[in-house]
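Engineer: Quick one: this structure, given as structure tokens, is what I'll be asking you about.
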Amino acid sequence: LDGAFSPNQRLDNTRRLGGEIERPDDIALGPDGRLYVSTGNRILRCTGADFDTREVFATLDGPVSGLACAPDGKLLACVSGVGLVALSPSGQVVGKLESVAGEKIACPLSVTIAQDGAIYLTDGSRNNPPEDWLRDMMQNRTPSGRLIVCNTSLGDAKIVADKLAWPLGVVVSGDGKEV
């Protein structure tokens, strides 16, 4: 293969940061320069020159997927079967968003924070948790994913978009005009 179809080896050629982490799902760089990594039901905090010093920052009540660091120092975590969890800089749970419009957020996949402080969260499916993504696809149901927005205290949650097919990933444009 050549041209646009030539192999991309940029990841193979990068410098490795610390030892291997088993089954990492997401990463977030904190305002303090620490790296947070979700793996299973834990979040690791990585520090040091190559992020090679690792400690368990928090152990939560379900598998953790998406992470985002808030400007106020809180870490937001998508937790399967729980919803969106806010953690203090010491790793203590300080808030939860468990439902919106009367329905449980059972499949939180990704989270991001807009410059105005609005928090956007994707809920992948009303039928299956994140770890059953393949089952959700094979069931061939009407898409049931949602894009949710809430405020910095995880209150005033609203559905922005509904009937999405497994919305995995969310970002706000630099000018804050698009999600």
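Engineer: Output the strands (runs of 3 or more DSSP E) that fall wholly within region 88-138 and possess 2 or more residues being out of contact with any strand residue (DSSP E or B) (no Cβ under 9 Å at 6 or more places or on another chain), or say none.
Structural biologist: Values: elements: 93-97, 108-113, 119-123.
Here the list is empty.
Engineer: Same structure, new question: Among the listed residues V64, V94, V56, identify the single one that is buried (at least 20 other Cβ atoms within 10 Å of the Cβ) and at pLDDT 95 or above. Write out each step before concluding.
Structural biologist: Working: V94 fails: buried (at least 20 other Cβ atoms within 10 Å of the Cβ); V56 fails: buried (at least 20 other Cβ atoms within 10 Å of the Cβ).
Step by step, each of V64, V94, V56 is checked, and only V64 is buried (at least 20 other Cβ atoms within 10 Å of the Cβ) and at pLDDT 95 or above.
Engineer: Name the residues in region 156-179 that are exposed (fewer than 13 other Cβ atoms within 10 Å of the Cβ) and either under 13 Å from D116 (Cα atoms) or touching a Gly at 6+ places or on another chain (Cβ under 9 Å) (or both), would you?
Structural biologist: Passing the criteria: K163, G169, S173, G174, D175, G176, K177, E178.
Engineer: Which number in (1) touching a residue at least 40 places away in the same chain (Cβ under 8 Å); (2) surrounded by 14 or more Cβ atoms within 10 Å (Cβ to Cβ); (3) in contact with a Pro (Cβ under 9 Å, 6 or more places away or on another chain) marks the one condition that G73 misses?
Structural biologist: (2)
Engineer: Still on this structure: In region 126-148, which residue that is surrounded by 11 or more Cβ atoms within 10 Å (Cβ to Cβ) and more than 24 Å from N41 (Cα to Cα) is nearest to the chain's Cα centre (by Cα)? Spell out how you get there, then give the answer.
Structural biologist: As a first pass, look at region 126-148 and keep what is surrounded by 11 or more Cβ atoms within 10 Å (Cβ to Cβ): 126-133, 135-137, 139, 141, 143-148.
When the remaining residues are screened for being more than 24 Å from N41 (Cα to Cα), the result is 139, 141, 143-144.
On the way: Q139: 24, R141: 24, P143: 20, S144: 18 Å.
Per the stated criteria, the residue is S144.
Engineer: If you don't mind, there's one more thing I want to ask. Being of a type outside the set (A, V, I, L, M) and under 22 Å from V64 (Cβ atoms) narrows it down to one of R141, R126, so name that one. Walk me through it before giving the result.
Structural biologist: Values: R141 fails: under 22 Å from V64 (Cβ atoms).
Going through R141, R126 in turn, the sole match is R126.
The values are calculated or read from the model by the stated rules, or taken from the named source; none is laboratory data. Just so we're clear, the structure is a prediction, and the values are computed from it rather than from any experiment. So basically every Cβ, Gly included, is an ideal-geometry build from the backbone, and we count neighbours across all protein chains shown.
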